[in-house]
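Notes follow once the structure below has been shown.
The values are calculated or read from the model by the stated rules, or taken from the named source; none is laboratory data. A quick note: this is a predicted structure, and the numbers were derived from the prediction, not measured. A quick note on method: Cβ atoms are made from the backbone with ideal geometry, for glycine too, and the neighbour counts reach across all protein chains shown. Calculation scope for accessible area: heavy atoms of the full protein, side chains included, ligands and nucleic acids excluded. Shrake-Rupley method; radii C 1.70, N 1.55, O 1.52, S 1.80 Å.
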Amino acid sequence: MTKPVWAVGLMTGTVLDGMIDIAIIKSDGEAIQEFGPWGLVPYPENVKSMLPKAVQAALSWDFQGAEPNIFKDAEAALTQAQADAVNQFLTANGLTPTQIAVVGFHGQTVLHRAPVNGQRGYTRQLGDGQLMANLIGTNVVCDFRSADMSAGGQGAPLSAIYHQALLKKIKAATDTAVLNLGGVANISWWDGANIIAFDTGPANGPINDWVLRHNKGQMDTDGTISAAGKVNEKYLSQLFSHPYLSAAYPKSLDRYDFTATMVDGLGLEDGAATLAAFIAGSVDKALDLLPQKPTQLIVSGGGRKNPTIMRELALRTGAKPVSAESAGFRGDALEAETFAYLAIRSMRKLPISFPLTTGVKTPISGGVLHTKSKAG
């Protein structure tokens, strides 16, 4: 029997909210034994302002030619910032790096291109695992997605195996699925034997961009803007014709595959309301692809805090959406916990990708391990 260990997980999402998610769990890479502390740490302003520029540079680059110069600077800056955040977090919680077996460092996704027509896909996360290992003084696993994509997988979603562990922990039945609403939405469903997972469509990304474009803040806080609008069903029916929604899984999305331009021509409130409805309707189409349509959705990610999205989910899927907290999970910590869990699995050479989650032919492990250098 493998001894459970403490691991730190880090996540900064594609919504670019300027926050570093940190969570600690104790696990053997299979069962979750204990949830440790978690928190959200803001990036320094210089890093927060640099990341959108790096994403824009990545979109222009599109895996053609040399990488943009900004990648190197952004990678060093965000790694330093996240390592500092971990060190401060450990100290604040009375822990030392020697008590942590590994840090799961996802890095910042700046571009993700899924496989198309038999051609392999590519993904780029900014993050220097060796630098972080030296700065913290413990093992670091990073670059979780490349091995999967090299093997012909989608590279996403990787959260499925952790969602399965959570569903096992609460003894959930097949009528329950986990829905994560980050920049992109993804679903995980487990039948007791196989775990199925895929990106369903957009989540908070387009709404955030829509609100930002109208100079009304960074996001639709508490769903107040979308709640004040009326769903434009004509726009919505056109959006539902997008081929991605009916495509078979496994499948994955880049944060910018669906953008705020989808509702160009509508006013602020109606545009936000229509985007919220599209998120929910996309989830409904995804549920129809599963072998059994779930009747309960455990919702994690920032989208669970938007009452308009949650209301639209209930209306358009017929399922009951409940917050992660209602199921005994930590909704703001869940993505960071995922990468703590995956880091432990990576160290144990356990698979993190599966045929029905990313499309690899056989289950494979992933992630690159970095240990603190003697000179570090």
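Given an 8 Å cut-off on Cα distances and at least 6 residues of separation, report the relative contact order of the chain as a percent.
22 percent
For the pair Phe240 and Asp62, how long in nm is the line joining their label points, each one 7 Å along Cα→Cβ?
Going by the 7 Å Cα→Cβ label model, 3.1 nm.
Report in % the part of the accessible area of the chain that belongs to carbon and sulfur, leaving out ligands and nucleic acids; probe 1.4 Å.
52 percent
Which of these, Phe339, Phe240, Phe71, has the largest mean-square fluctuation under a Gaussian network model of the chain (Cα springs below 10 Å)?
Phe240
Students often get this wrong, so check it: of Lys26/Lys349; Lys285/Lys320; Lys251/Lys361; Lys230/Lys320; Lys26/Lys168; Lys72/Lys372, which have C-alpha atoms separated by over 19 Å?
In this structure, Lys230/Lys320; Lys72/Lys372 exceed 19 Å between Cα atoms.
Rolling a 1.4 Å sphere over the protein heavy atoms, what is the accessible area per residue of the range 6-149, to the nearest Å²?
In whole numbers, the range 6-149 has 41 Å² accessible per residue.
Highest first, please rank the peptides 187-197, 341-351 by the mean number of other Cβ atoms sitting within 10 Å of their residues.
By packing density, highest mean first, the sequence is 341-351, 187-197.
Under a Cβ-only charge scheme (Lys and Arg +1, Asp and Glu -1), can you give me the dipole magnitude of the chain about the Cα centre, in debye to the nearest 20?
740 debye
Which number do you get for Rg(Cα) / (2.2 N^0.38 Å) in the range 189-266?
Dividing the Cα radius of gyration by 2.2 N^0.38 Å gives 1.32.
Using every pair of alpha-carbon atoms in the range 128-237, split the distances into 5 Å bins beginning at 0 and state the percent of pairs per bin, rounded to integers.
Histogram of Cα-Cα distances, whole percents per bin: 2, 10, 13, 13, 14, 14, 16, 12, 5, 2, 1, 0.
Please report the orientation-averaged projected area of the range 248-376, defined via the convex hull of its C-alpha atoms, in nm².
One quarter of the hull surface, i.e. the mean projection, equals 11.6 nm².
With 17 Å as the cut-off, how large is the P(r) tail for the range 49-122, expressed as percent of Cα-Cα pairs?
For the range 49-122, the share of Cα pairs beyond 17 Å comes to 58 percent.
Among the complete DSSP H segments of the chain, which ones combine at least 24 Å of alpha-carbon extent along their axis with a mean Kyte-Doolittle hydropathy of 0.5 or more?
268-289
For the charge dipole of the chain, defined by +1 on Lys and Arg C-beta atoms and -1 on Asp and Glu C-beta atoms about the Cα centroid, which residue among Gly192, Val322, Ala151 has the Cα displaced farthest towards the positive pole?
Result: Gly192.
For the chain, what ratio Rg/Rh do Cα atoms give with a Kirkwood hydrodynamic radius?
Rounded to two decimals, Rg over Rh is 0.95.
When the expected Rg is taken as 2.2 N^0.38 Å, what fraction or multiple of it is the alpha-carbon Rg of the range 37-81?
Cα Rg divided by the expected 2.2 N^0.38 Å: 1.33.
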